[in-house]
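Read through the structure below, which is laid out as structure tokens, and then see the notes.
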Amino acid sequence: MPAPIEPIADLGLINSALKILCREAGIERDRREVLQVATLLMSLWKQGVRDQKTIVELARNTLAEAASLRRNA
């Protein structure tokens, strides 16, 4: 039995969400931070999140939690 085929990521949706989140967080030139946000978005996509509003909300919450943990560390 062949392995299930993973759907190809909708790069337009991912890129749009990336732009929204980077603009909100003031990320402009920090490649590491942009890559972290993009990786998070791809992870959410792989988990089955296909709606732009939902993927942005989930990523926003995850990023806020991570920032809170860094501040409290």
(request) Filter the stretch 23-55 down to the residues that are of a type in the set (Asp, Glu) and in a helix (DSSP H, G or I), then identify the one that is least open to solvent (accessible area, probe 1.4 Å). (result) Glu33
(message) Please go through (1) in a helix (DSSP H, G or I); (2) in contact with a Leu (Cβ under 7 Å, 6 or more places away or on another chain) for Glu65 and return the number of the only condition it doesn't satisfy.
(response) (2)
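The values are calculated or read from the model by the stated rules, or taken from the named source; none is laboratory data. Owing to the predicted nature of the structure, the values given are computational and were not obtained by experimental measurement. Cβ: placed from backbone, ideal geometry, glycine included. Neighbour counts: every protein chain shown. Please note that ligands, DNA and RNA were not included when accessible areas were found on the heavy atoms of the full protein model with its side chains. Shrake-Rupley method; radii C 1.70, N 1.55, O 1.52, S 1.80 Å.
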